[in-house]
Each structure stands twice: as structure tokens, then as C-alpha cells.
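Have a look at the structure below, then the notes.
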Amino acid sequence: MKKALISAVMLLAVCTSVISCGSQKNPLQPTAQDKKIVMRVGGENVEYQEFRYFFLNNKRDSFGADAVLSDEELNEVISLTEENSRQRHALIKMAEKYGGKLTRSEKKAAEEYIEQSIAGFGSDEAYLIALDEQYLTDHLFREMTKEAGLAYTVLDKMKEAGAIIENGADFDKVLESDEIICIKEIYLTYNSEETKEIVRNRAEEVLSKLMSGAEFEDMMREYSDYNEAELPPEHGYYTMKFDALDAVYDAAINLAADEHSYVVESEYGFHIVKRCEKDTEYMETIRDEIYENYTYAKFSEEFEAVVDSMDIVYTEYGASLDLAALS
């Protein structure tokens, strides 16, 4: 199951987990270079300090910090960087739409966290070195630390605005509808390209057994990389679009009750999916969990729509940058 809300929070709080964020000699004042506009995302300015942070972290994560990129690799890093900026500014746009602002106490907590983090390094020099290792400026570190709480603020505001139904009588109708479906899943993952084909063949063997009359729940217990605590074979799990993996949801939504799919591949492995009848009594025992997943899914639905709507336009300065030499 995926959580775009969590992804958004993690995106904006990457630097806060270790406080290794990066970049400049003056910890309080961004340079003129840092403030130059590289591109506009959905009309929002993306400064050099933001673009550089996402670009160099994507380069390091994908190919290594010192890699000499081919044209294809360079385009991949650029694409990842653009998507990161879309996500950052999509959350900011949603906050503006719903009036989501950090409270005074949340702002104070963020400021205290920042100052404690800086003090923890023992000196400004050590702090700046730690920042520089992650390609962030002090200014951007402070901005992104404060933004990290926005996703949950927006979530609350969406409930107040009625964009997310409260967990009451109206949510009963959602539980009864096809918006929420029950899935049982045989999930097989691989840990390298060398083992991918082996696992694919194992998934096909499981499918063959199912086609020959084996019980789906027995195959879950025997083959699935989910354990029974994570995914009870007798109950499955309750999910919806923008909560389940796309490949899994797309396979399940087209099934009749008690029908299973063929082998489905996702970025995480191979799946055989069964759509099951809803158990209303069991659903009530996990109602709060289903509602939590529902709220994440509704947030994700709007968040992804905003991200997709944001066009990228490079400025003259941005178009002139030698990205292959960016460091």
C-alpha cells in the first residue's frame, strides 16, 4: 500500500532526519546565486538552491556523486529533479488553497528544532560542513523543515472543507461502495536482477497451482512474502485507488468477487491478486485503520492531480546552466 502523504512529508523533511543538509558559507543569508530563478513550476519560482539540492541528490542516489553522466542519465536526473520540485510546490499550492498554515506553536517547535540541530554540531563550521554534504543551504534547510508539517495541516483542512468525509455516518456509505474494495494478495519480491526471473517463474508456478484448484489462502500462507500478521489470509485488506499500488489496484478493480488475477508485476515484485467479498463485521473492527487509509488516499488523489497539472518552464538563466558540470 502506498502513502503519497507520507511521501510528501518525507520529501520535504529529507534533511531533517539526520540534519545533514547543505550549502553556503554564510549560514543566515542566501547568496545572489542561490536566489536566481532556474525554472517555474506551475507558475511558482524554483530557485537555484532548490534545483541544485534536488539535482545533486538525485545524481548521487542514482549514479554516484562523482559520476560523469551520459545524455540519457543526465535527462533522467533532470526528470527526477523536476518531479521533486513539482511535489514540493504542489503541497505548497494545496496549503494555499485550503488555508493550511502552521500554527504559532508549530512554527515555534520548528524553530526550536532548527536551533537545537545547529547547536548539536558544536560550531557553525561543523554545521555548514554537514549542510554542504547534502547540497543544501541554511536558508533552504529552514524553509523545508517548516514545510515538513504542512501535509498534516492540509489533511486537517481538507476534512474541515468537506473534501475528506469525516469518520461518521457518511463514511458508512463509502465503506459500502465500490470505492473501497477487499483484496487478498500473493506477493513475491526479489532482491536483485539476477533473482528476478527466478521469482517470476515461482509466481507462474503458484498461478498454475491456483488454476489447478489450489486454495488461494493456502498459497498465500505458503508463498507470499507478506506474513499473516501483515495480511491475514482469512480477511485480506481493504483498500482503494491512491492507497494500493497502482498495478495491484488496477488488477483487482476489474475482478469479480472471489476471482483472482494472473501474475501482475509492479516495481516491488510480482503479485497475484484476489478480490474478495466484504466482511462488514470484520470491517467494523478495523474501521479506524480503513478510515486512515481513506484519508491518505483522498489526499493523494488531489496531491497527484496538482502535481500532474504543474508545467515546467525554464528561465533564460536556467536554460543556460551547464547541468553536466553542476557541483
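The values are calculated or read from the model by the stated rules, or taken from the named source; none is laboratory data. Just so it is clear, the structure is predicted and the values come from calculations on it, not from any experiment. Cβ atoms come from the backbone with ideal geometry, glycine included; neighbour counts cover every protein chain shown. These accessible areas exclude ligands, DNA and RNA; they are computed on the full protein's heavy atoms, side chains included. Shrake-Rupley method; radii C 1.70, N 1.55, O 1.52, S 1.80 Å.
Could you list, in sequence order, all residues of region 225-264 that are touching a residue at least 60 places away in the same chain (Cβ under 8 Å), touching a helix residue (DSSP H, G or I) at 6+ places or on another chain (Cβ under 7 Å) and farther than 18 Å from residue 279 by Cβ?
Across region 225-264, the qualifying residues are 241, 242, 243, 263.
Would you mind stating whether residue 37 is aliphatic (A, V, I, L, M), at pLDDT 95 or above and within 24 Å of the chain's Cα centre (by Cα)?
no
Which ones in region 94-127 are among the charged types (D, E, K, R) and either free of Cβ contacts under 8 Å to residues at least 40 places away in the same chain or closer than 13 Å to residue 157 by Cβ (or both)?
Across region 94-127, the qualifying residues are 96, 97, 101, 104, 107, 108, 111, 112, 115, 125.
May I ask you to list pairs of residues, at least six apart or on different chains, whose Cβ atoms are under 9 Å apart, with the first in region 62-89 being more than 27 Å from residue 147 (Cα to Cα) and among the charged types (D, E, K, R) and the second being at pLDDT 95 or above and crowded, with 17+ Cβ neighbours inside 10 Å?
73/59
Just checking, how many residues over region 292-305 are buried (at least 19 other Cβ atoms within 10 Å of the Cβ) and either among the small types (Gly, Ala, Ser) or more than 14 Å from residue 151 (Cα to Cα) (or both)?
4
Can you report the number of residues in region 231-255 which are open to solvent by 10 Å² or more (accessible area, probe 1.4 Å) and part of a helix (DSSP H, G or I)?
Summing the residues that are open to solvent by 10 Å² or more (accessible area, probe 1.4 Å) and part of a helix (DSSP H, G or I) in region 231-255 gives 6.
Take the residues in region 132-179 that are farther than 25 Å from residue 239 by Cα and basic (Lys, Arg); name whichever of them is modelled with the lowest pLDDT.
My answer is 146.
Tell me whether region 74-92 contains one or more residues that are surrounded by 13 or more Cβ atoms within 10 Å (Cβ to Cβ), over 17 Å from the mean Cα position of the chain (by Cα) and more than 18 Å from residue 314 (Cα to Cα).
No, region 74-92 contains no residue that is surrounded by 13 or more Cβ atoms within 10 Å (Cβ to Cβ), over 17 Å from the mean Cα position of the chain (by Cα) and more than 18 Å from residue 314 (Cα to Cα).
Let me spell it out: the conditions are (1) surrounded by 20 or more Cβ atoms within 10 Å (Cβ to Cβ); (2) under 21 Å from residue 197 (Cβ atoms); (3) touching a residue at least 24 places away in the same chain (Cβ under 8 Å); (4) more than 24 Å from the chain's Cα centre (by Cα), and residue 276 meets all of them except one. Which number is the exception?
That leaves (2) as the condition not met.
Quick one: in region 306-327, of everything that is of a type in the set (S, T, N, Q) and open to solvent by 30 Å² or more (accessible area, probe 1.4 Å), which residue is farthest from residue 41 (Cα to Cα)?
Within region 306-327, the match that is farthest from residue 41 (Cα to Cα) is 327.
Among 320, 327, which is the only one that is under 30 Å from residue 55 (Cα atoms), free of Cβ contacts under 8 Å to residues at least 40 places away in the same chain and hydroxyl-bearing (Ser, Thr, Tyr)?
The unique qualifying residue is 320.
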